[in-house]
Amino acid sequence: MARRWLKRVGGSLLLLLAAAVGVALWYAQAVLPRTTGEIALAGAAGEVRIERDEHGIPTVRAGSDRDAAFGLGVVHAQDRLWQMETHRRIGAGRLAEVFGASALETDRFLRALGVRRAAAAQWLRLDAASRAALQAYADGVNAVLRHELRARPPEFVILGIEPEPWEPVDSLAWAIMMAWDLGGNWNTELLRLRLALQMPVARINQLLPAYPGASLPATADYAALFRSLGLDAGAVQTAWQRLPEIAPPSGVEGVGSNNWVLAGSRTTTGQPLLANDPHLKLSAPALWYFARLEAPGLKVAGATLPGLPGVVLGQNEHIAWGFTNTAPDVQDLYLESIKPDDPTMYRTPEGWAAFETAAEIIKVKGQPDVPFTHRRTRHGPVISDAGTMPDVLGPRDRPSYVLALRWTALDADAAIMAASLAMQGATSVPQFFEATRGWNAPMQNMVVADRAGRIGVVSPGRVPVRQADNDLHGLVPAPGWEARYDWAGWVPVDETPRESDPGRGWIATANQRITAPDYPHYITSEWALPYRQQRIEQLLQARPRHTIDDLAAMQADEKSLAALALLPWLRQAASPHPLAAGARAQLQDFDGTMAADSAAPLIFWAWQRQLARGIFQDDAGAVLWDRSLATRSFQDALEDVLGRGDASWCDDRGTAATESCADQSAAALTRALDELQARFGGDPSTWRWGQAHQARSEHRPFSRVKALARWFELRVPVGGDTHTVNVGRVGLRPDATTGELYLNEHGPSLRALYDLADPAQSRFVHSTGQSGIFFSPLFSSFVQPWAAVRFVPVWPRGAPAQVLVIRPGA
């Protein structure tokens, strides 16, 4: 009897196991996109062919531009649906309804910022062609949701949610968020406000110095200004930390891009070559998705952004183009004074005015809905309504000020879609220049070359003109009730920086200062340090003519000119640490090359991190340092302080002795060696930069879930650093999840090389793979080639690996 019962139970368990295996096998196939055969989809006006190569890169062939946009919506939804869902929810401030209370503060910030409200206003003012492209794209996405979603991607299943229909406004909201990622002057303004409560302006300008060879704009004594407004340390408790912490990251130090273009006189083919590698947040899947679009009058290939129609960076039959970030100062913060007896009013140059106010509801998973009220002033949204306002600009029981943001990307007439579509269809450098006239934000340095041999660079975007009597110059929050701090129009469209066919035969940008000293307009005072640009110029000038393989070698270059500027101090550091001799041996032949298999870069960055902390933390305060300043390398400030031997910085205010800069350097090396010994052992010869400096492509949200991170997150050891051409930004603050130091989470999100003489030689790669399904072979197929600076073809070679035919359906 018992044996018979056990057999029945065992048989039942085997059946359940077999059923579970069967369901898993079915799901593993059903969740992957249909890539062959023929299907009917409502929304297609004519036949659309989707031909994928062996790398999963689709060629969308359509009978019209409208159907090409439809087809791009289809492939994005097939391969990147969860990524699009996160993009939509970020733009709308709807993360908490999926991720719970941990995302509530970010939602509050995004609702206060009003990204989706701005996108909805922009949609109403779009031109007909842009509206048509966005609608066709949304139709393609939604056709997949209605007819082709056989199984939801794993993230939807794990979190228990269903994908929603895509709307054109979702695309516009994501475009605004891309501009946010690339323009972050606001948080530097907030940082200067906090520093001004602790040190004089002259000292802030040493900690956050001007671009090398330039000067910061002369400002009023804003430290005295803020004290006169009552913004003392007791009133302003957490402004500097809370808003930047809960906001999506922007303006991260070391985030930038490279591009360069060579005229035929400087290439072996006699025709231009163009290189581009945008440096952005690394994610799994990658931010970019490669695609090719073909329709009558259109043949273009390159990098697309899931959520947007069209090719953002790439090559068509006539031109190739690539972007780097200009990082103009297009964000200004304003202190808006609240009327003491009526908190619904704020002060303006003409008297008191009412806040524009609206109420919303934020849904929170597993918790009651949260009411939210956002306000707007004449300058823009009140971002301190994110919930930190009582701690920001006044005592908790009677706040005196709110913080409003003026930002070009939120303007209702900001419409880059028309410019983007015109750029991908341009047939010459002059036509490309003309197409950029409608570009608003983010301002980019766009290099371009055509098959007629012309090359050029243009930096389009809406840049504010500040009034002559503005004595703060957008460097710190300004009193909103004084009209002199209002913007006074825009830099004329035809007067943004540009250059065509220079006699030297090449153009390069790497986020360095792109304006000459006599340029008549103010763009920004916060250009990236010029080390990448200087190295690119060294390599371009190293030979008279270059091949496309030479350009690939340049993109792989890992020599840091910034390290060479500080290296003498490290070599002279007289540390008593028992591993100091071994460390010096590793540094003996170090020439600044940040190779992953070398110990020297690891020693250098551990020392630099500790040196900046030792010199600057006691002045800024431990809390401010740990929560904000520790994300910065202070390369320029260190060069200045060490070069001058400035004892006012090098002395540790917490000790009775007077420390010199040499003392600080030695102590920093001792602390660095303690740290490295604890993590990597007692033999410096076995240490490797790549052990600590791993390119981590973060998955939203499962990188934060330990049990899931190993499946959804992608990692690979890499060389380089914040200042190398093959950039790998060095994370100097412990990672919030793992506690690791020196992770590289911002790097070349893609690399591309375009040959105008023979497009078949054009090549590109991005940081993960085409698929967003973690168990697909195409989820991580580009990781190793990307790390090794290898490529795949931009244009298809041979017959397609898979063909899906879409016919119009009901």
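The values are calculated or read from the model by the stated rules, or taken from the named source; none is laboratory data. Predicted model, so just to flag it, every value in this text is computed and none were measured. Positions of Cβ are generated from backbone atoms using ideal geometry, with glycine treated the same way; all protein chains shown enter the neighbour counts. Heads up: the accessible areas ignore ligands, DNA and RNA and are worked out on the full protein's heavy atoms, side chains in. Shrake-Rupley method; radii C 1.70, N 1.55, O 1.52, S 1.80 Å.
Given a 1.4 Å probe, how much area per residue of segment 498-543 is accessible, in Å²? Intermediate results must be reported in sequence, preceding the final value.
Numbers: 2180 Å² over 46 residues.
The answer is 47 Å² per residue.
Return one whole number: the accessible area per residue of segment 196-343 in Å², for a 1.4 Å probe.
Here the residues of segment 196-343 average 28 Å² of exposed surface.
Would you mind checking which residues have amide H under 5 Å from A358's amide H? H placed 1.01 Å from N; only 5 or more apart, or other chain.
Under 5 Å from the amide H of A358: H374.
With no solvent and one point per C-alpha, what does the Debye sum give as log10 I(q)/I(0) for the chain at q = 0.04, 0.09 Å⁻¹?
-0.17, -0.90
Of E85, E162, which has the most accessible area with a 1.4 Å probe, and how do the rest follow in descending order?
Working: E85 5, E162 115 Å².
From most accessible down to least: E162, E85.
Select from N445, Y485, I455 the residue farthest towards the positive end of the dipole of segment 388-516; place +1 on Cβ of Lys and Arg, -1 on Cβ of Asp and Glu, and compute about the Cα centre.
After comparing all options, I get I455.
Based on the mean of other beta carbon atoms within 10 Å per residue, what is the order of 48-60, 484-496, 557-569, most packed first?
Packing order, densest peptide first, comes out as 48-60, 557-569, 484-496.
Return a whole-number percent for the relative contact order of the chain, with Cα pairs under 8 Å and 6 or more residues apart as the contact set.
Once divided by the residue count of the chain, the mean separation gives 18 percent.
Rounded to the nearest 5, what is the percent of antiparallel bridges among the DSSP beta bridges in segment 670-810?
90 percent
Can you list the lysines whose alpha carbon sits under 30 Å from that of K559, skipping same-chain ones fewer than 8 residues off?
K281
If you place +1 on the Cβ of every Lys and Arg, -1 on the Cβ of every Asp and Glu, and leave all else neutral, what size is the dipole of segment 163-282 about its Cα centre, to the nearest 20 Debye?
With only Lys, Arg, Asp and Glu charged at Cβ, the dipole is about 520 debye.
So how long is each side of segment 88-165 along the principal axes, counting just the alpha-carbon atoms, biggest first, in Å?
40, 37, 10
Rank these residues by their accessible area, most exposed first, probe 1.4 Å: L333, L714.
Ranked list, largest accessible area first: L714, L333.
Collect residues whose amide H, placed 1.01 Å from N in the peptide plane, falls under 5 Å from the amide H of S400; neighbours closer than 5 in sequence don't count.
Residues meeting the amide H criterion: G394.
Enumerate the helices in the chain for which the Kyte-Doolittle hydropathy averages 0.0 or more and the C-alpha atoms extend at least 15 Å along the helix's axis, using complete DSSP H runs.
Those that clear 15 Å and a mean of 0.0 are 2-30, 128-147, 168-182, 561-572.
Would you mind calculating the gained length between T344 and S428 on full extension (0.36 nm times residue separation, minus the Cα-Cα distance), in nm to one decimal?
Full-extension gain reported as 24.9 nm.
Order the peptides 462-475, 686-699 from the highest to the lowest mean number of other Cβ atoms within 10 Å of their residues.
Ranked by mean Cβ neighbours within 10 Å, highest first: 686-699, 462-475.
Within the chain, what whole-number % of the accessible surface is contributed by carbon and sulfur, with the 1.4 Å probe and all protein chains included in the calculation?
Taking all protein chains in place, the chain shows 53 percent carbon and sulfur surface.
With each run of n ≥ 4 DSSP H residues scored as -39500 (n - 2.57), what mean residue ellipticity at 222 nm is computed for the chain after dividing by its residue count and rounding to the nearest 500 deg cm²/dmol?
One gets -11000 deg cm²/dmol as the mean residue ellipticity at 222 nm.
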